[in-house]
Structure formats: structure tokens, C-alpha cells
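A quick write-up on the structure given underneath.
The values are calculated or read from the model by the stated rules, or taken from the named source; none is laboratory data. The structure displayed is predicted, hence computed values, not measured ones. Because the Cβ atoms are built from the backbone with ideal geometry, glycine has one as well, and the counts that use them run over all protein chains shown.
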Amino acid sequence: MTVSVAIPVLNGGPLLDEVLGAVRAQRLDGDELELVIADSGSTDGSLSVAQRHGAQVVSIARSSFSHGGARNRLMRETRGSHVAFLTQDATPASPDWLASLLRGFTRAERVGLVYGPYRARPGAPHWVRREYADFFGASPSVERGPAAMPFFTDANGCLLREAWEQVPYRDVAYAEDHMIARDMLAAGWAKAYEPSAAVIHSHSYPPAEQFGRLFDEFRALREVHGHVEEAGPRHTLGTVRRQVALDRAWLRASGVGGGELDRATIESLRFYAIRATAAALGTRADRLPPRVRAALSRDGRGTFDPAE
């Protein structure tokens, strides 16, 4: 059996070599590993790194790139019965990452999607480390039906080709992984979570870029799920206060105190204030003029495209 790993790349930087090396180190019991990269115009030597790791490289024009379209292209270019997706900065945490993802397809009938957890990189912000610990559970699970939580990540997820042939990615600019999870669940496929299939994946952004990324994420929540974040001084201040309190409790439990805890509290206040503002605006992006949406977006995207 052939198993494929597929990664969209644009100027993957120094982490790309680490990611591809970890992919090539995967242990598979007799299966063939295929590695395919979709490059959309890298200028930093990423193509040489991919070729050094024996990856097949396909090109996508940057002007026509979309996250859903690129992953459909990768599905067409790969041969595997199962196709695992990573991003260029998500490093498999162990040589058994891919085998663990594949195990998820055996946990129930008609599993079309399997995903694994993120682990924070050294030096990641404390709120990232705390939220990863809270969100990603310790036990495997299987969900099915349209009422299931439609979370899936193609920074660390795997598709059954048979399921994708019935329910492909939508050709969307953002949140393509949430949309395919929703569509597959509605079509009768199940999704599984494998806690042992971890990747090292986290970011630390300056405030302006953090806001733009969060705006894009919350706009996607509105587009995919119709979610509108509650807004108003009482709700927003209460949300920020609760999240900061959770961070402080987690930090104390981790042995942080004194001046370090005070500095971390200020950082938490800033982050959750940025997130609350981005959430309120992003989930109301339909009310904003396109030029304002583009100015607030990290990717400069001025559109609002609700899912059908």
C-alpha cells in the first residue's frame, strides 16, 4: 500500500528541512511512503530542500492559490490510499506519527478523516501552551453525524482517498479543513482523533500580525459555521478576565510566580484584548466594506464568502 504525505509550500524557511527530514524518518510496516510538495513560487531555496528529501514537486501559480484548491491538487497528484497533510512548519513529533494517523482509520467503519494534536515549540507563548493542553485530549475518539464538532486540521491530518473522491475540499481561500470536516460528517463519514499522532506546531507573532491572523480565523468561523461572537463591554471584559485567570492558574501550576507571573499576566491581557477585538470584527466581516476587510486581514483578503 502507498501512503502519501502532502505539503503546500511557499518559502518554507529553515523549518522545512526539519519537517521533511521527520517525514522521511517515519516507520511504516511495509507500506511505501510518497512525499509530494505543492510549491507556489518559493524564492528561498525551498525547492532544493524538497528535492534533497526526494519529494515530488508540483507548481501552483501564486495568483491562483487557494487553500482548498491546493489540497485538491495535491490529492490528484498523489497515489496513496491515504494522504496525510502537514504545513511547512508542522514537524512530526515522532517516527510513528504517520502510523498513528493510519491507526485512526481502523477504529470504526467509514472513517474518512483522522487528525492529531499540536505540541508547542520551545519558547511558544504561555497561552498557546495552555490552550493546546486544554483542547487536545489524551484519549482517542471517533465522531460521526452532522451534530459532531466539525474540527479537523490539515496541519496534522489524514484523508481516506475514497472519502475525498466523494467529498473533496471546497475551493476556498481559508478554513478549508473545517469545511471538509463538516461536509464529510454530513455525508456519513466519521472522523477520528489520535493523540499519539502529534506534530510540533506553534507560532509567536507581533501584535499587528496576530490581529490579522485572528481576524481571518474568526471571519472563517462566520463563513463556515455562521458563528457571530457576542460583543459588548460586559461580555468582552468578562471573557478577557476569565482567560487571563486561566492563564495565571496554569502558570502557577507550572511553577511561575513573582515578577515573571506579573509580566506574563500583562502579555495575556494584551493577547486576549487583541483576540476579542479580532473576534468581534471578524465574525461581523459581512458588515464591513471590502477595503476595510482587506486592511484588517493578514492575507489582505477583502472578500466574505459564506458556505452554502
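For first residues located in region 37-49 and farther than 12 Å from Asp17 by Cβ, partners that are surrounded by fewer than 21 Cβ atoms within 10 Å (Cβ to Cβ) and aromatic (Phe, Trp, Tyr) and lie 6+ apart or on another chain with Cβ distances below 6 Å form the pairs Ser40/Phe65. The residues listed here are Ala231, Ala245, Ala173, Ala249; of these, the one that is modelled with pLDDT under 95 and more than 20 Å from the chain's Cα centre (by Cα) is Ala231.
Any chance region 141-159 includes a residue that's of a type in the set (A, V, I, L, M) and surrounded by 20 or more Cβ atoms within 10 Å (Cβ to Cβ)? I'd like the intermediate steps shown before the answer.
Quick first cut of region 141-159, residues of a type in the set (A, V, I, L, M) only: 142, 147-149, 155, 159.
Retained after the next criterion (residues that are surrounded by 20 or more Cβ atoms within 10 Å (Cβ to Cβ)): 159.
Within region 141-159, one or more residues are of a type in the set (A, V, I, L, M) and surrounded by 20 or more Cβ atoms within 10 Å (Cβ to Cβ).
The condition (being of a type in the set (A, V, I, L, M), under 16 Å from Asp154 (Cα atoms) and in the same structural domain as Val172 (by TED's automatic domain parsing)) is satisfied by just one residue among Leu35, Leu28: Leu35. Number of residues in region 240-265 that are surrounded by fewer than 17 Cβ atoms within 10 Å (Cβ to Cβ) and either closer than 23 Å to Leu281 by Cβ or in contact with a Ser or Thr (Cβ under 7 Å, 6 or more places away or on another chain) (or both) equals 2.
Residue check: is Val199 in contact with a Ser or Thr (Cβ under 9 Å, 6 or more places away or on another chain) and closer than 17 Å to Gly157 by Cβ? Considered against the rule, which asks whether it is in contact with a Ser or Thr (Cβ under 9 Å, 6 or more places away or on another chain) and closer than 17 Å to Gly157 by Cβ, Val199 comes out as yes. When Arg182 is tested against (1) in a helix (DSSP H, G or I); (2) at pLDDT 95 or above; (3) charged (D, E, K, R); (4) within 21 Å of the chain's Cα centre (by Cα), only condition (2) is not met.
Taking Arg27 as the residue in question, decide whether it is of a type in the set (Lys, Arg), within 23 Å of Ala220 (Cβ to Cβ), surrounded by fewer than 19 Cβ atoms within 10 Å (Cβ to Cβ) and over 19 Å from the mean Cα position of the chain (by Cα). Explain how you work it out, then say what you get.
Working: of a type in the set (Lys, Arg): yes; within 23 Å of Ala220 (Cβ to Cβ): no; surrounded by fewer than 19 Cβ atoms within 10 Å (Cβ to Cβ): yes; over 19 Å from the mean Cα position of the chain (by Cα): yes.
Judged against the criteria, Arg27 is not a match.
Tallying residues that are part of a loop (DSSP other than H, G, I, E, B), surrounded by 13 or more Cβ atoms within 10 Å (Cβ to Cβ) and touching a helix residue (DSSP H, G or I) at 6+ places or on another chain (Cβ under 6 Å) within region 266-304 yields 5. Pairing residues of region 143-163 that are within 30 Å of Gly12 (Cβ to Cβ) and touching a residue at least 40 places away in the same chain (Cβ under 8 Å) with residues that are part of a loop (DSSP other than H, G, I, E, B) and of a type in the set (Val, Ile, Thr), at Cβ distances under 7 Å and at least 6 apart in sequence or on separate chains, gives Ala155/Thr87. If you go through region 199-226 and keep only what is crowded, with 22+ Cβ neighbours inside 10 Å and not in a helix (DSSP H, G or I), you end up with Val199, His201.
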